[in-house]
Amino acid sequence: MKTIDELLAEGVDGKRVFVRADLNVPLADGLITDDGRIRAVLPTVKALVEAGAKVIVASHLGRPKGAPDPAFSLLQPAERLAELLGAPVAFAQDTIGPAAHDAVRGLEPGQVAVIENLRFNAGETAKDDVERGEFADQLAALADIYVGDGFGAVHRKHASVYDLPARLPHYAGYLIATEVGVLKKLTEDVKRPYVVALGGSKVSDKLAVIDQLLGKADRILIGGGMAFTFLKAKGYEIGASLVQDDQLPAVTEYVERAEKNGVELVVPVDVVTSAGFPDLKTKAPSNPTVVAADAIPADQMGLDIGPETGALYASKLADAATIFWNGPMGVFEHPDYAEGTKAVAQALVDSQAFTVVGGGDSAAAVRILGFDETAFGHISTGGGASLEYLEGKTLPGLAALED
Ligand code: ADP
Ligand code: MG
């Protein structure tokens with residue numbers, strides 16, 4: 001994989017460089033709530049600007065249905081990019097149409113343009129190779145060089161991620177180079193003990209990675225909504241908690257395999273429950289109760305790991321040399337259920353280990369709960385992408401950057 005440093009050494013002065021970024025930021029009522037992904041691509045954009053390239057930044061945002069939809073416009077992320085760069089950024093109101101071509105033609109060396117949401121064009125996500133290829137051909141007409149830096153999208157076989165780099169000289173940007181370097185540290189001769197904390201909502205999202213980790217990790221700590229499928233597999237009453245009954249056989253098999261492989265698989269010993277799902281908008285007090293994991297009342301819903309579990313998980317993380325954490329331990333968006341996630345985040349901060357946080361919500365939790373991002377070894381910008389890498393899959397957007 002050639003990196004942007006090699007490109008800079010070759011020289012980019014006056015060249016049109018297409019940067020496939022991941023500006024897919026969370027929006028609430030049309031406002032950006034976390035600009036981490038925009039900041040993550042700044043090193044690449046700045047380096048290209050300083051080297052005198054004409055920089056075209058492109059991304060998807062949300063899931064528009066293959067046609068323009070103002071609710072998913074990249075205008076706001078483009079404006080934030082301009083603020084962070086401290087320089088004006090041109091914005092094209094289409095992707096491959098006259099506005100995009102005008103914007104690119106108007107660029108002087110060292111200037112930046114953002115084109116509209118790639119998913120406003122059905123070709124971006126098309127399953128059909130020909131349809132995707134046609135869109136990639138049109139994107140290729142905008143630029144001389146491709147830099148892949150949208151790590152959060154590299155697990156997608158999309159036109160701008162997979163097909164476009166095949167049509168232009170291609171390089172990995174700083175973000176992708178960093179992310180891949182970190183993931184290699186988690187897969188190739190990992191420093192032990194290697195402890196993994198997994199949470200989040202759905203066990204089905206994380207099954208494949210658990211499957212892989214059972215052959216790699218020394219210890220796996222289970223929290224979040226998916227813990228209840230594990231507790232149910234143990235025969236516990238889990239009340240009204242989130243559960244995926246169809247995953248019970250898989251989970252039972254994992255518990256058995258963990259034992260056979262000598263992997264310590266740890267589940268909560270206590271949980272914080274409430275009578276219903278809390279209001280995340282008003283954050284109104286919701287009457288949380290701590291109960292033992294094997295004594296969840298039938299009318300209660302488990303929404304966080306309990307304080308004893310938080311302390312237990314912190315102790316299980318304390319001697320680690322490598323930690324990977326994916327998925328909040330509870331519904332951290334409400335203050336009544338944020339303590340478990342805080343306990344795990346704090347354990348990572350306190351640890352001497354190489355610590356990696358993966359997952360969009362986990363990364364957001366770290367920032368929202370007020371932790372200093374620099375206290376972590378690495379905070380990944382791509383939840384799905386980092387999980388699929390750890391699952392051992394070939395990621396289309398990384399394969400496309402290989403020569
Ligand atoms: P990530 O994006 O970090 O991979 P996920 O998307 O898998 O994480 O899950 C994050 C979501 O899981 C959060 O919105 C959080 O509220 C939810 N969650 C955590 N614990 C529970 C629980 N006990 N019940 C329901 N949802 C939960
Ligand atoms: Mg998520």
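Checking every residue in the range 266-274 against the condition of being crowded, with 24+ Cβ neighbours inside 10 Å, within 11 Å of ligand 1 (Cβ to nearest atom) and at pLDDT below 95 gives zero matches. Selection of first residues in the range 279-293 that are within 14 Å of A338 (Cα to Cα) and of second residues that are of a type in the set (A, V, I, L, M), restricted to Cβ pairs under 6 Å at least 6 apart or on distinct chains, gives the following pairs, ordered by first then second residue: P288/V272; V290/V272. Got a sec? Which of G235, G239, G215, G223 is farther than 30 Å from V41 by Cα, away from ligand 2 (no atom under 16 Å from the Cβ) and touching a Gly at 6+ places or on another chain (Cβ under 8 Å)? The unique qualifying residue is G239.
Okay, residues lined up against (1) under 15 Å from the mean Cα position of the chain (by Cα); (2) more than 10 Å from ligand 1 (Cβ to nearest atom); (3) more than 24 Å from P285 (Cβ to Cβ):
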{"residue": "W325", "(1), (2), (3)": "yes, no, yes"}
{"residue": "T341", "(1), (2), (3)": "no, no, no"}
{"residue": "V344", "(1), (2), (3)": "no, yes, no"}
{"residue": "L348", "(1), (2), (3)": "no, yes, yes"}
{"residue": "V356", "(1), (2), (3)": "yes, yes, yes"}
{"residue": "A365", "(1), (2), (3)": "yes, no, no"}
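When you go through G276, G310, G239 one by one, which is the residue that is in contact with a strand residue (DSSP E or B) (Cβ under 8 Å, 6 or more places away or on another chain), among the small types (G, A, S) and within 25 Å of A364 (Cα to Cα)? Talk me through it step by step, then tell me what you get.
On the way: G310 fails: in contact with a strand residue (DSSP E or B) (Cβ under 8 Å, 6 or more places away or on another chain); G239 fails: within 25 Å of A364 (Cα to Cα).
Result: G276 is the single residue among G276, G310, G239 that is in contact with a strand residue (DSSP E or B) (Cβ under 8 Å, 6 or more places away or on another chain), among the small types (G, A, S) and within 25 Å of A364 (Cα to Cα).
Sub-6 Å Cβ pairs linking a first residue in the range 220-236 that is open to solvent by less than 10 Å² (accessible area, probe 1.4 Å) to a second residue that is aromatic (F, W, Y) and not in a loop (DSSP other than H, G, I, E, B), at least 6 apart or interchain, are L221/Y313; I222/F230, ordered by first then second residue.
Any residue that is in contact with a Ser or Thr (Cβ under 9 Å, 6 or more places away or on another chain), of a type outside the set (K, R), modelled with pLDDT of 95 or more and closer than 27 Å to V243 by Cβ - is there at least one of those in the range 350-359?
Narrowing the range 350-359 to residues in contact with a Ser or Thr (Cβ under 9 Å, 6 or more places away or on another chain): 353-359.
Remaining after also requiring of a type outside the set (K, R): 353-359.
Now drop any that are not modelled with pLDDT of 95 or more, which leaves 353-357.
Cutting the leftovers down to closer than 27 Å to V243 by Cβ gives us 357.
There is at least one residue in the range 350-359 that is in contact with a Ser or Thr (Cβ under 9 Å, 6 or more places away or on another chain), of a type outside the set (K, R), modelled with pLDDT of 95 or more and closer than 27 Å to V243 by Cβ.
Within the set Y162, Y174, Y194, the sole residue that is farther than 19 Å from E6 by Cα, out of contact with any His (no Cβ under 7 Å at 6 or more places or on another chain), among the hydroxyl-bearing types (S, T, Y) and open to solvent by 60 Å² or more (accessible area, probe 1.4 Å) turns out to be Y162. Here the condition is being modelled with pLDDT of 95 or more, more than 16 Å from ligand 2 (Cβ to nearest atom) and under 25 Å from P193 (Cα atoms); of P307, P297, P335, it holds for P307 alone. Residues that are part of a loop (DSSP other than H, G, I, E, B), at pLDDT below 95, within 16 Å of ligand 2 (Cβ to nearest atom) and not hydroxyl-bearing (S, T, Y) within the range 180-211 comprise G200, K202, listed in sequence order.
Out of L387, L398, which single residue is part of a helix (DSSP H, G or I) and either more than 16 Å from ligand 2 (Cβ to nearest atom) or at positive phi (or both)?
Values: L387 fails: either more than 16 Å from ligand 2 (Cβ to nearest atom) or at positive phi (or both).
Going through L387, L398 in turn, just one is part of a helix (DSSP H, G or I) and either more than 16 Å from ligand 2 (Cβ to nearest atom) or at positive phi (or both): L398.
Is there a residue being closer than 14 Å to G199 by Cβ and acidic (D, E) anywhere in the range 267-277? No - not one qualifying residue is present in the range 267-277. Does the range 367-377 contain any residue that is buried (at least 18 other Cβ atoms within 10 Å of the Cβ), within 15 Å of ligand 1 (Cβ to nearest atom) and modelled with pLDDT of 95 or more? Yes.
Please determine whether any residue of the range 183-191 is touching a residue at least 40 places away in the same chain (Cβ under 8 Å), crowded, with 23+ Cβ neighbours inside 10 Å and within 18 Å of the chain's Cα centre (by Cα).
Filtering the range 183-191 down to residues touching a residue at least 40 places away in the same chain (Cβ under 8 Å) leaves 183, 185-187, 190-191.
Subsequent filtering for residues that are crowded, with 23+ Cβ neighbours inside 10 Å retains 183, 186.
Among the residues that remain, those that are also within 18 Å of the chain's Cα centre (by Cα) are: 183, 186.
Yes, because at least one residue in the range 183-191 is touching a residue at least 40 places away in the same chain (Cβ under 8 Å), crowded, with 23+ Cβ neighbours inside 10 Å and within 18 Å of the chain's Cα centre (by Cα).
If you check R20, R105, R16, R39, which single one turns out to be within 29 Å of V366 (Cα to Cα) and open to solvent by 40 Å² or more (accessible area, probe 1.4 Å)? It would help to see each step written out before you state the result.
Numbers: R20 fails: open to solvent by 40 Å² or more (accessible area, probe 1.4 Å); R105 fails: within 29 Å of V366 (Cα to Cα); R16 fails: within 29 Å of V366 (Cα to Cα).
After applying the criteria, what remains is R39.
Among the residues of the range 349-389, those that are in contact with a strand residue (DSSP E or B) (Cβ under 8 Å, 6 or more places away or on another chain) and aromatic (F, W, Y) comprise F354, F376. Looking across the range 244-264 at every residue that is in contact with a helix residue (DSSP H, G or I) (Cβ under 7 Å, 6 or more places away or on another chain) and surrounded by fewer than 20 Cβ atoms within 10 Å (Cβ to Cβ), the one that is farthest from I305 (Cα to Cα) is identified as A250.
Take the residues in the range 23-36 that are part of a loop (DSSP other than H, G, I, E, B) and over 17 Å from H60 (Cβ atoms), then tell me which one is least open to solvent (accessible area, probe 1.4 Å).
Step one: filter the range 23-36 for residues part of a loop (DSSP other than H, G, I, E, B), giving 23-26, 29-30, 33-35.
Pick out the ones that are also over 17 Å from H60 (Cβ atoms) and you get 29-30, 33.
Values: D29: 144, G30: 41, T33: 92 Å².
The residue in question is G30.
The values are calculated or read from the model by the stated rules, or taken from the named source; none is laboratory data. Just so you know, these numbers come straight off a predicted model, no measurement behind them. Backbone-built Cβ (ideal geometry, glycine too); neighbour counts: all protein chains shown. SASA here: full protein model, heavy atoms, side chains in, ligands and nucleic acids out. Shrake-Rupley method; radii C 1.70, N 1.55, O 1.52, S 1.80 Å.
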